[in-house]
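The values are calculated or read from the model by the stated rules, or taken from the named source; none is laboratory data. Computed from a predicted model, the values in this text were never measured in an experiment. Neighbour counts run over all protein chains shown; Cβ positions are idealised from the backbone, glycine included. Side chains included, ligands, DNA and RNA excluded: accessible areas come from the protein's heavy atoms. Shrake-Rupley method; radii C 1.70, N 1.55, O 1.52, S 1.80 Å.
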Amino acid sequence: MDTFTNTRTLPARPEAVFAALTTPERLARWWGPAGFSNRFAVCEVQPGGRWLFDMIGPDGTVYANESVFQHIEPNRQVVVRHTCAPLFTLSITLEPVAEGTLLHWQQVFDDAAFAQAAAHILVPANEQNLDRLQALLERSPPCPG
């Protein structure tokens, strides 16, 4: 197993979800599992743009992250390539639905053995990440239009 897939119906239109994915100040507020915070050094949200940041765990441990935004399709998809260990590609696709947005999260690891060994951490962490995104969206006013 090298692929982790999550789906979530979010109570906001694709434009609002996309803004939460691509506005550095908003992204920093929800990215990561429960209890984590972020310190962004670079967040160039454009194809080929770099994303360098530290995730800080609840115990104060700092986890350095380096990624590249591979693909951005406004209000539809963001693809991020994590370029430091562990190597993976994360595709987040947004689909409008009556309730708001159906989000598809697909994280594909280069090393299947690593993914299997870390599944007990990755599966709940990805759900917590989406919980935090949903909470942010529920607190934010809807996009106009």
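Among the listed residues VAL78, VAL42, identify the single one that is surrounded by fewer than 16 Cβ atoms within 10 Å (Cβ to Cβ), at pLDDT 95 or above and either over 22 Å from ALA119 (Cβ atoms) or of a type in the set (S, T, N, Q) (or both).
Working: VAL78 fails: surrounded by fewer than 16 Cβ atoms within 10 Å (Cβ to Cβ).
After ruling out the rest, the residue left standing is VAL42.
For segment 1-60, which residues satisfy the criterion of being part of a loop (DSSP other than H, G, I, E, B), farther than 21 Å from ILE121 by Cα and free of Cβ contacts under 8 Å to residues at least 60 places away in the same chain? Reasoning before the result, please.
First pass over segment 1-60, keeping only residues part of a loop (DSSP other than H, G, I, E, B): 1-2, 11-13, 23, 31-36, 44-49, 57-60.
With the extra rule that they be farther than 21 Å from ILE121 by Cα, the set shrinks to 11-13, 23, 44-49.
Within segment 1-60, THR23, GLU44, VAL45, GLN46, PRO47, GLY48, GLY49 meet the criteria.
Filtering segment 124-144 down to residues that are at pLDDT below 95 and open to solvent by less than 80 Å² (accessible area, probe 1.4 Å), which residue is farthest from GLY57 (Cα to Cα)?
CYS143
If only one of ARG139, ARG81, ARG76 is farther than 27 Å from MET1 by Cα and charged (D, E, K, R), which one is it? Give the derivation first.
Numbers: ARG81 fails: farther than 27 Å from MET1 by Cα; ARG76 fails: farther than 27 Å from MET1 by Cα.
Every option except ARG139 fails the conditions.
Can you tell me which residue within segment 47-68, out of those that are out of contact with any strand residue (DSSP E or B) (no Cβ under 6 Å at 6 or more places or on another chain) and under 24 Å from ALA119 (Cβ atoms), is most open to solvent (accessible area, probe 1.4 Å)?
Restricting to residues being out of contact with any strand residue (DSSP E or B) (no Cβ under 6 Å at 6 or more places or on another chain) and under 24 Å from ALA119 (Cβ atoms), the top hit is ASP59.
Considering only segment 96-103, I want to know if a residue exists there that is in contact (Cβ under 8 Å) with a residue 24 or more places away in the chain, open to solvent by 30 Å² or more (accessible area, probe 1.4 Å) and among the charged types (D, E, K, R). Step through it out loud before you land on a result.
If we filter segment 96-103 for residues that are in contact (Cβ under 8 Å) with a residue 24 or more places away in the chain, which is where we start, we get 96-97, 99-103.
In the following step, the residues that additionally are open to solvent by 30 Å² or more (accessible area, probe 1.4 Å) were identified as 96-97, 99, 102.
With the extra rule that they be among the charged types (D, E, K, R), the set shrinks to 99.
Yes: segment 96-103 contains one or more residues that are in contact (Cβ under 8 Å) with a residue 24 or more places away in the chain, open to solvent by 30 Å² or more (accessible area, probe 1.4 Å) and among the charged types (D, E, K, R).
As an exercise: evaluate HIS71 against (1) open to solvent by 70 Å² or more (accessible area, probe 1.4 Å); (2) more than 17 Å from PRO14 (Cα to Cα); (3) part of a strand (DSSP E or B) and give the number of the one condition it does not meet.
Going through (1) open to solvent by 70 Å² or more (accessible area, probe 1.4 Å); (2) more than 17 Å from PRO14 (Cα to Cα); (3) part of a strand (DSSP E or B) one by one, HIS71 breaks only (2).
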